[in-house]
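> Supplied in structure tokens, the structure appears directly below.
The values are calculated or read from the model by the stated rules, or taken from the named source; none is laboratory data. Please read these numbers as outputs of a predicted model, since none were measured by experiment. Cβ sites come from the backbone with ideal geometry, for glycine too, and all protein chains shown count toward neighbours. The accessibility values were calculated without ligands, DNA or RNA, using every heavy atom of the protein model including side chains. Shrake-Rupley method; radii C 1.70, N 1.55, O 1.52, S 1.80 Å.
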Amino acid sequence: MASSIADAVIEQGIARDALFVGRFLRDLSEPDKAPLYGILPFCVIPYFSLFVYEANLKPNHIDPAVRAELSQDAEEIIARSRHSLKLFEDTHRWIAGQIDYFNNEILPAHSSHFLGNTRLSIARFLETDLGIYCYDGRIISTTHSATFHLGIEPKQLLTAGGPYLVALFERYGRFFRKLGATMDSGPDTFVAHLDAHKIDGGRNKRAAKYYARVFNGKENPAINGLLVGFQGIVNFADGLVAADTDVRNLEYTAFKIRYMALYTVLASLRKLHDDANYPLSSRSMGFIKSIIDSPEAQAITVRSAKPFRNTLMHYNLHTRLDVSKVNLGESLFGLVPEYFPDHDAQTFGTLVDTCIRETASALNEWAAG
């Protein structure tokens, strides 16, 4: 019995994510959403990579033909994209490795590609190497953070450009289609509720100057660049993923995206706060503490609830969970009270929403300097 319930959770989780992707693409393909085409995919790609990566690790729960859609090159890119969601919790890079990757790969690739191209040296101060994407005035992504999460090596991405991305995304599409994704029917995703006129992709900056004046100031440009990425992740979860929906009753995948975004940012800020190798200003430390020490953040990241996060990420139930508590008919399988005894799914949805809003507000204020 336990095995069949555990299997059902895996299979339903995979199916729910695949169906969400199909409906997301359907809603994004509407003509009035055209201004969103070039930006939203960069915001969701690490989550879609997570869905592909984890489903691909469950050969007993998916059709073998699904796995055949991924080339070795695509699998490697998807793995890097999926692991980018760990931020400072990445056990291969940690904070130091992420800073090195940002400093030694992302920054130089963009600067060498976009700077020094004009023949007039007097006009070079007008060149930019950082694109900032906003929705309703708040950062949701940048060209640097998009590169960080795509999983494609920066130089290769900038050299190969659009056709390479299109071919990669087509592989994603075929994979999800064979998992059951369809654009034919089903409820709206958050995309249907977005106002495409609120998107702004025209804020181009010189990265060195921009990173020197946000978050922790000129002493930590790479950390600042990564924190801008955190800022975009949380603003996206806050301002877009729950657009015009009841946060107490979000469907499985929408909740999952918001929860994973919040959890990984909170955990990464905790690691930055606790690591003496990266001294931050008293102002920066104050903002981090206000974020990670809030009652909502403490409740969400409590150590005993780590298996809840792991189930959302990996689809697997914790081996010690009493499977009689699982309710396959609920969006979150009835798991919330098992890991958060003071909450049911609805009140926990409100708790997560409050924490996302407060974290986004603090990050935006901190970034403003």
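> Can you confirm whether His110 is open to solvent by less than 50 Å² (accessible area, probe 1.4 Å), modelled with pLDDT of 90 or more and closer than 26 Å to Leu363 by Cα?
The answer is no for His110.
> Scan segment 239-262 and tell me whether some residue there is closer than 23 Å to Ser49 by Cβ, free of Cβ contacts under 8 Å to residues at least 40 places away in the same chain, part of a helix (DSSP H, G or I) and under 19 Å from the mean Cα position of the chain (by Cα).
no
> Out of curiosity, is Gly180 modelled with pLDDT of 85 or more and of a type in the set (Gly, Ala, Ser)?
For Gly180, the condition - modelled with pLDDT of 85 or more and of a type in the set (Gly, Ala, Ser) - is met.
> Among the residues of segment 352-363, write down those that are of a type in the set (Asp, Glu) and either open to solvent by 60 Å² or more (accessible area, probe 1.4 Å) or not in a helix (DSSP H, G or I) (or both).
The one that is of a type in the set (Asp, Glu) and either open to solvent by 60 Å² or more (accessible area, probe 1.4 Å) or not in a helix (DSSP H, G or I) (or both): Glu358.
> Kindly provide the set of residues from segment 276-289 that are among the β-branched types (Val, Ile, Thr) and open to solvent by 90 Å² or more (accessible area, probe 1.4 Å), ordered by number.
none
Quick grid of which residues meet (1) buried (at least 21 other Cβ atoms within 10 Å of the Cβ); (2) among the hydroxyl-bearing types (Ser, Thr, Tyr); (3) without any contact (Cβ under 8 Å) to a residue 12 or more places away in the chain; (4) in contact with a Gly (Cβ under 6 Å, 6 or more places away or on another chain):
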position	(1), (2), (3), (4)
Ile291	yes, no, no, no
Ile300	yes, no, no, no
Phe308	yes, no, no, no
Glu338	no, no, no, no
Asp344	no, no, yes, no
Thr347	no, yes, no, no
Thr350	no, yes, no, no
Glu365	no, no, no, no
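> When you go through (1) touching a residue at least 40 places away in the same chain (Cβ under 8 Å); (2) surrounded by fewer than 22 Cβ atoms within 10 Å (Cβ to Cβ) one by one for Ser268, which number turns out not to apply?
(2)
> Filter segment 329-369 down to the residues that are among the β-branched types (Val, Ile, Thr) and either under 16 Å from Asp293 (Cα atoms) or at pLDDT below 95 (or both) and list them by number.
Val352, Thr354, Ile356, Thr359
> Looking at this structure, is Ala196 surrounded by fewer than 22 Cβ atoms within 10 Å (Cβ to Cβ) and free of Cβ contacts under 8 Å to residues at least 24 places away in the same chain?
Against the criterion (surrounded by fewer than 22 Cβ atoms within 10 Å (Cβ to Cβ) and free of Cβ contacts under 8 Å to residues at least 24 places away in the same chain), Ala196 does not qualify.
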